[in-house]
Every structure is written in structure tokens, then in C-alpha cells.
Amino acid sequence: MAAAKHNIILGRGEDYVATLAIKTEDGQPVNITDDAFKGQIRRGAGKPLITSFVFTITDDVGGVVEIKLPLVNSLELDPNVTYQYDIFRYDDEEGDNIRLLSGSLIAEGNITEPTT
């Protein structure tokens, strides 16, 4: 199955948080107990790593994971540059690496300086 495309626009110097519910093709939740998640942001494939997302499983049996790019990580992004990202699930039970999401990411510049 191909990864879902989802483009992200976020504010540089803000905490970005999204919730992802992982389901089977027939809509049933996927048990993600003991699974791991990894997501990276780069200027393109094969380019140096800029920063990474942080993941928290909030409902393992229900297949729900929180995706976060903390304020300090979003400050590593140049404003109004188009980056690329993807997010992988490492299924511990099956031993599979599954790309769930991919797309472009833009960090808009803010007028007000963030408080860190």
C-alpha cells in the first residue's frame, strides 16, 4: 500500500501536534503495541537530516499515535522553505517497515519571536 500524501504548513517556533489513527483497509483499528515510529524532515531525498518528529502512542490497541514537532525542532526549519517528510511505522510483531505518510512541509515565519 502506498503512503498517504499529506502536506503540512506549520508556524516556525510553534509546537505542531497531530493525531494519526492507523486502521486496516476495512476500517478496523490496528494494534500498535510494541511498534515504533520514525519521521524525518529533509530538503529532499538523500539530503542531510534537518529535524525529526517525536511520537507518543496514545491508544495502542486502538492504533492511535500522536505526532509532534516541538517548538525547538520547528526552529531548525528555515521559514518559507519547502521540505519533504515521511513517517514510518515499524511493526514489531510482523517485522515490517511501513511508510504511513509523506508529503511536503513548510514552516511559515512568524512576526512575533517565540518564547523558548
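For the chain, the share of accessible area belonging to carbon and sulfur comes to 47 percent (1.4 Å probe, ligands and nucleic acids excluded).
Modelled label positions at Lys68 and Asn7, each set 7 Å beyond Cα in the direction of Cβ, lie 2.8 nm from each other. Of all GluC sites (Glu not before Pro) in the range 44-116, which ones are in loop regions per DSSP and have a Cβ with at most 16 other Cβ atoms within 10 Å? For GluC sites (Glu not before Pro) across the range 44-116 that sit outside H, G, I, E and B with at most 16 neighbouring Cβ atoms in 10 Å, the list reads Glu76, Glu93, Glu94. For the range 25-116, trypsin sites (Lys or Arg not before Pro) are listed when DSSP marks them as loop and at most 16 other Cβ atoms sit within 10 Å of their Cβ; the list is Arg43.
Let me know the shape class of the range 40-79, please: from the alpha-carbon gyration tensor, a ≥ b ≥ c as square roots of the eigenvalues, rounded when a/c is under 1.5, otherwise prolate if a/b is greater than b/c, or oblate. Note, shape of the range 40-79 comes out oblate. Taken per residue, the accessible surface of the chain reaches 60 Å², heavy atoms only and a 1.4 Å probe. Each residue, Glu94 and Val61, gets one label point 7 Å from its Cα in the Cβ direction; the gap between the two is 2.1 nm.
Helix-only arithmetic for the chain: the sum of -39500 (n - 2.57) across DSSP H runs with n ≥ 4, divided by the residue total, places the mean residue ellipticity at 222 nm at -500 deg cm²/dmol. For the chain, a Kirkwood hydrodynamic radius built from all Cα pairs, placed in the Stokes-Einstein relation at 25 °C and 0.890 mPa s, yields a translational diffusion coefficient of 164 µm²/s. A 1.4 Å probe, protein heavy atoms only, puts the accessible area of Leu49 near 80 Å².
Given an 8 Å cut-off on Cα distances and at least 6 residues of separation, report the relative contact order of the chain as a percent. Can you show the working numbers first?
On the way: 261 pairs, mean separation 41.9, N = 116.
For the chain, the relative contact order is 36 percent.
The values are calculated or read from the model by the stated rules, or taken from the named source; none is laboratory data. No experiment lies behind these values; they were computed from the predicted model shown. Here Cβ is always computed from backbone atoms with ideal geometry, including for glycine, and neighbour counts include all displayed protein chains. Heads up: the accessible areas ignore ligands, DNA and RNA and are worked out on the full protein's heavy atoms, side chains in. Shrake-Rupley method; radii C 1.70, N 1.55, O 1.52, S 1.80 Å.
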